[in-house]
Structure formats: structure tokens, C-alpha cells
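Novice: Please read through the structure below; I'll follow up with questions.
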Amino acid sequence: MTSISRRDFLKLGGAALLGVSASKFIPAQEDEPNFTAPLVWNGSRRFKRMAFTYDDCYLLNKMQDLEELLNEFPDFKVTFFPVGSKLLNLEEQDAGIWKRLVEKGHEIGYHTFDHVNLGVMSPATALMDYDKWHAALNQVLGMEYTVRFVRPPYDIISYTMDVLCQERGLVAAMFSIGGGGEPDIVTRAIQKGKGGDIVQMHIRTQDYTSSVQVFPWLKENNWELVTMSKLYDDYLREQINPEGCELDAGSSLTRVCGK
């Protein structure tokens with residue numbers, strides 16, 4: 001499938017899904033009616049695809065454990081939302097960890113530099129925070145990295161995040177299954193999930209255990225784990241072709257797939 005441009009990626013984002021999956025076991029905050037930037041709670045329901053996302057990224061040992069787990073499932077791709085301070089700190093402890101993950105096809109999104117609620121920042125402060133975080137990401141990767149998504153700390157949707165998304169061309173990535181918790185409960189919630197679910201986890205022992213438990217089940221039941229970019233791409237393609245042809249046949253958001 002031909003990759004889409006950043007402009008096309010954001011083209012239809014203002015119509016992003018606002019529905020929340022019934023499988024979610026800890027409610028996320030509902031979106032604000034005045035939020036005008038692209039925002040997504042889940043992707044297309046047509047495919048057996050989920051996006052697993054991992055917030056904060058505080059613990060090096062759990063990051064390393066998850067990296068090893070992902071190596072056992074090379075077709076599974078996930079999205080990380082690290083805070084900027086840990087981008088730098090983990091790189092000091094394990095040089096190349098972020099570059100390895102990106103080179104294996106995983107994605108990285110913005111989660112502020114120090115896990116501060118965007119809603120208490122002014123838009124100007126948030127823009128500076130994002131630029132500081134992005135500079136740290138580019139530093140640890142050794143290259144300019146295109147960031148497409150923001151996951152707000154504490155899952156709070158705010159005017160400041162709206163401005164940030166519009167100014168920096170970001171999509172607000174919420175979730176339809178999330179909150180973490182006891183691994184057996186999390187595993188059951190995921191097993192009851194739907195195509196297009198966005199699963200929120202954190203880099204901590206409980207959520208790593210949940211991943212260990214559920215990855216084999218997902219593989220055995222022919223689920224795909226994809227990045228947020230892939231899930232959102234599916235959603236955008238669905239908006240231009242709601243009648244049900246195979247989305248992956250399309251090579252452009254500006255024409256009906258298969259044509």
C-alpha cells in the first residue's frame with residue numbers, strides 16, 4: 001500500500017470518530033464539543049486490528065522487557081507515548097533503545113516533557129513544551145522524526161491541546177480500552193474488544209504482564225497490532241469509501257479505493 005502524505009493524513013481528521021467502545025473498563029473523559037482539531041477514540045471497525053499504546057515510559061527494565069516481547073512477535077507494531085525527560089534518561093541508560101524501536105516499525109507520539117496536564121498550560125507554553133520534547137526525540141533518534149499524535153497526560157482534553165494540535169499538525173489520540181490494572185481483567189477486556197480499538201497501557205509491571213498474557217491470544221486469533229498511523233489511515237480511508245471495498249487496495253485518500 002502506498003504511504004500517504006502528512007497533508008493527506010490530516011485531511012479528513014476533523015471528522016475523526018468520537019464513539020467509545022463498550023469494552024472499555026475504565027472510562028476516558030468525553031471529548032469537548034468545541035474541540036476542532038483531529039481527535040480519535042478508535043479506528044475503522046472493518047478489520048481485526050488494534051493499536052496498543054504505551055504511555056509515560058518511566059521504567060527502563062520494563063521497556064527492555066517489552067522490547068524483547070515485541071521481538072517475539074515481529075509482526076506486531078505498537079505506539080509509545082513517552083515523556084521527554086524519559087526519552088533522554090532511558091537513552092543514557094540504554095543507548096539506542098528508541099532508535100531500535102523505530103527501526104523495527106514502532107511509532108512514537110508526544111506526551112509532554114514532564115507529564116504536565118496540558119489544560120493548565122497556556123497554548124504558548126504547550127507549544128514550547130512540544131518543541132522541547134520533539135528536540136529530545138530527534139536527539140535520541142539522531143534524525144528528524146515526524147510526529148503525528150499527542151496523548152494528553154491524565155487523558156484530559158483541553159483548549160490548549162486543540163491549539164497545539166492545529167499549530168503542530170497533530171492528531172489527539174485517545175483510547176477505547178484503557179486504564180491498565182489487574183492483568184486478568186485487562187486481558188479479558190481486550191479479548192472482548194473490537195476491530196479498531198485503541199488500547200492504552202503504561203510501561204509498568206502490570207501492563208507488561210497483560211501484554212505477555214494477551215499477545216499469544218491475539219496472534220492465535222489472527223489479530224493485527226498496528227501503529228496509530230496505520231489505524232488512523234484505515235479510518236480516513238473509510239471516510240471516503242463507506243460502502244465496504246477493501247481499503248488496502250486504495251493508494252490515495254483523494255480517490256475511491258480500488259479505482
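Novice: Counting only residues that are within 16 Å of the chain's Cα centre (by Cα), surrounded by fewer than 24 Cβ atoms within 10 Å (Cβ to Cβ) and within 27 Å of N221 (Cβ to Cβ), how many does segment 47-62 have?
Specialist: Final tally of qualifying residues: 1.
Novice: Looking at segment 64-101, which of the residues that are in a helix (DSSP H, G or I) and acidic (D, E) is farthest from F113 (Cα to Cα)?
Specialist: E72
Novice: Of all residues being of a type in the set (S, T, N, Q) and assigned to a helix (DSSP H, G or I) in segment 181-203, which is farthest from F47 (Cα to Cα)? Just the residue, please.
Specialist: Result: T187.
Novice: Something else now. Taking segment 13-63, which residues are part of a loop (DSSP other than H, G, I, E, B), at pLDDT below 95 and in contact with a Pro (Cβ under 6 Å, 6 or more places away or on another chain)?
Specialist: Within segment 13-63, just A16 meets the criteria.
Novice: If you don't mind, there's one more thing I want to ask. Consider only pairs whose beta carbons are under 9 Å apart and that are at least six residues apart or on different chains; among these, list those whose first residue lies in segment 122-149 and is of a type in the set (S, T, Y) and whose second residue is loosely packed, with under 15 Cβ neighbours inside 10 Å and in a helix (DSSP H, G or I).
Specialist: Hits for this filter: Y130/E167; Y145/N138; T146/R6.
Novice: Mind checking whether some residue in segment 137-149 is in contact with a Ser or Thr (Cβ under 7 Å, 6 or more places away or on another chain), over 14 Å from V40 (Cα atoms) and at pLDDT 95 or above?
Specialist: No, the conditions are met nowhere in segment 137-149.
Novice: Could you list all residues from segment 126-157 that are within 14 Å of H111 (Cα to Cα) and over 18 Å from the mean Cα position of the chain (by Cα)?
Specialist: Scanning segment 126-157 gives A126, L127, M128, D129, D131, K132, A135, A136.
Residues are listed down the side, and each one gets a yes or a no for (1) surrounded by fewer than 20 Cβ atoms within 10 Å (Cβ to Cβ); (2) closer than 25 Å to S176 by Cα; (3) not hydroxyl-bearing (S, T, Y):
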residue	(1), (2), (3)
H115	yes, yes, yes
P123	yes, no, yes
A126	no, no, yes
M143	yes, no, yes
V150	no, yes, yes
V163	yes, yes, yes
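The values are calculated or read from the model by the stated rules, or taken from the named source; none is laboratory data. In this text, all values refer to a predicted model and were calculated from it rather than measured experimentally. Neighbour counts are summed over all protein chains in view; Cβ atoms, including those assigned to glycine, are modelled from backbone coordinates with ideal geometry.
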